[in-house]
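See structure below.
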Amino acid sequence: MESGLRDFIQGLPKAELHLHLEGTLEPELMFTLAERNGVHLPYSDVEAARAAYDFKDLQSFLDLYYSACAALVTEQDFYDLTWDYVTKAAMANIKHVEPFFDPQTHTNRGIPFGIAIAGILRALEDADEMFGVSFRLIMCFLRDESLDSARHTLQTAHLYRSKIAGVGLDSAEVDFPPALFESIFQEAKEQGYRLVAHAGEEGPPSYIEDALDVLGVERIDHGVRCLEDPALVERLVRDRVPLTVCPLSNVRLRVVDKAQDHPLKRLMDAGLVVTVNSDDPAYFGGYLNENYLAMAEALDLTREDLTKLAKDSFAASFLPEDRKQALIAEVEAYGMKNAGS
Ligand code: ADE
Ligand code: ZN
């Protein structure tokens, strides 16, 4: 590995646009919270939990991820979860985050929406104030839950409308096509939410097309399977639709066999607006900088490539134009100053 690449990535200003807060629950915090709340976990200790993180596909991961959420009960729990992530983000030189949370994962267990969002927002606001890490919060609907449940979630969210920037769609993808949620996304759009959706992670390219045409999303989460459809790639390039790609997630969930097979560079070379993200870093072996580094090493990315990815992370964000341009200029200046080998 080129010496200094790790330092270059560390110093690169960047945004994270695809991050599930529930997926940042490290086993240590999981056990602390479970003990605090008298919740039983299906592992004897932290090592046993980590040892179970061997996934064969998205569903095998989701089963474990949802069961671990049982540890999250109080507002303080959601604060601690979010605070741990944003302090790590600040230390990794992340300037802006657009994290997801899954309200139904908590309301289905009897934890009120207001408890979860209050803890999350308090931590995000504290981090903005203390570290200058700005944020836009996105709430995701679980696509393997009913439309009624999503509708109820959207209604509840209305109380917090000014605090939630966007809505997304996540959980088990195959057999739950975007079109099932057309009416909910229509309603969310009318209420002024920004729209995103997971598509083309395990699901086919047609799910990406439907997310754009039927749901009207502005960004595709994952989207790596677009490469199977050249006409779709052409459209995504033409319309500058960003993809929030999650390399280590794709390796751990066996979307690709190994890092060297990851299509990130092919997506970039096709002219797509691509961003690198960590998805569920507590489960997939690395936070954002580790995702950049894994791709730099496996795909021989240059400093110019890494700078482009960081610039596009701000370009694809929901930041207002002035802060967006200021951060892009910061990345450009950093890239020029540290061009190196
Ligand atoms: N929820 C958390 N991580 C996810 C992923 N990678 N895909 C779909 N839903 C998720
Ligand atoms: Zn995701």
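Numbers at a glance
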| quantity | calculated |
| --- | --- |
| Residues satisfying the stated conditions in the stretch 95-113, i.e. open to solvent by less than 10 Å² (accessible area, probe 1.4 Å) and either in a loop (DSSP other than H, G, I, E, B) or within 21 Å of Ala315 (Cα to Cα) (or both) | His96, Val97, Glu98, Pro99, Phe100, Asp102 |
| Cβ pairs under 8 Å, 6+ apart, first in the stretch 34-47 and at negative phi, second open to solvent by 90 Å² or more (accessible area, probe 1.4 Å) | Ala34/His40 |
| Residue in the stretch 179-190 that is out of contact with any Pro (no Cβ under 6 Å at 6 or more places or on another chain) and outside any helix (DSSP H, G or I) present | no |
| Residue check for Leu169: at pLDDT 95 or above and in a strand (DSSP E or B) | yes |
| Unique residue being touching a residue at least 12 places away in the same chain (Cβ under 8 Å), polar (S, T, N, Q), open to solvent by less than 10 Å² (accessible area, probe 1.4 Å) and within 15 Å of ligand 2 (Cβ to nearest atom) when the list is Ser317, Ser249, Ser313 | Ser249 |
| Matching residues, the stretch 119-148, being closer than 21 Å to Asn108 by Cα, away from ligand 1 (no atom under 16 Å from the Cβ) and buried (at least 16 other Cβ atoms within 10 Å of the Cβ) | Gly119, Leu121 |
| Filtered residue count, the stretch 223-244, keeping only those that are outside any helix (DSSP H, G or I), buried (at least 17 other Cβ atoms within 10 Å of the Cβ) and free of Cβ contacts under 8 Å to residues at least 60 places away in the same chain | 4 |
| Odd one out for Leu212, checked against (1) within 16 Å of ligand 2 (Cβ to nearest atom); (2) within 19 Å of the chain's Cα centre (by Cα) | (1) |
| Residue that is most open to solvent (accessible area, probe 1.4 Å), among those in the stretch 158-172 that are in contact with a strand residue (DSSP E or B) (Cβ under 6 Å, 6 or more places away or on another chain) and of a type outside the set (Ser, Thr, Tyr) | Ala165 |
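The values are calculated or read from the model by the stated rules, or taken from the named source; none is laboratory data. These numbers come from a predicted model, not from an experiment. With ideal geometry, Cβ positions are generated from the backbone for all residues, glycine too; neighbour counts draw on all protein chains shown. Ligands, DNA and RNA are stripped out before the accessible areas are found, and what is left, the full protein with its side chains, is counted by its heavy atoms. Shrake-Rupley method; radii C 1.70, N 1.55, O 1.52, S 1.80 Å.
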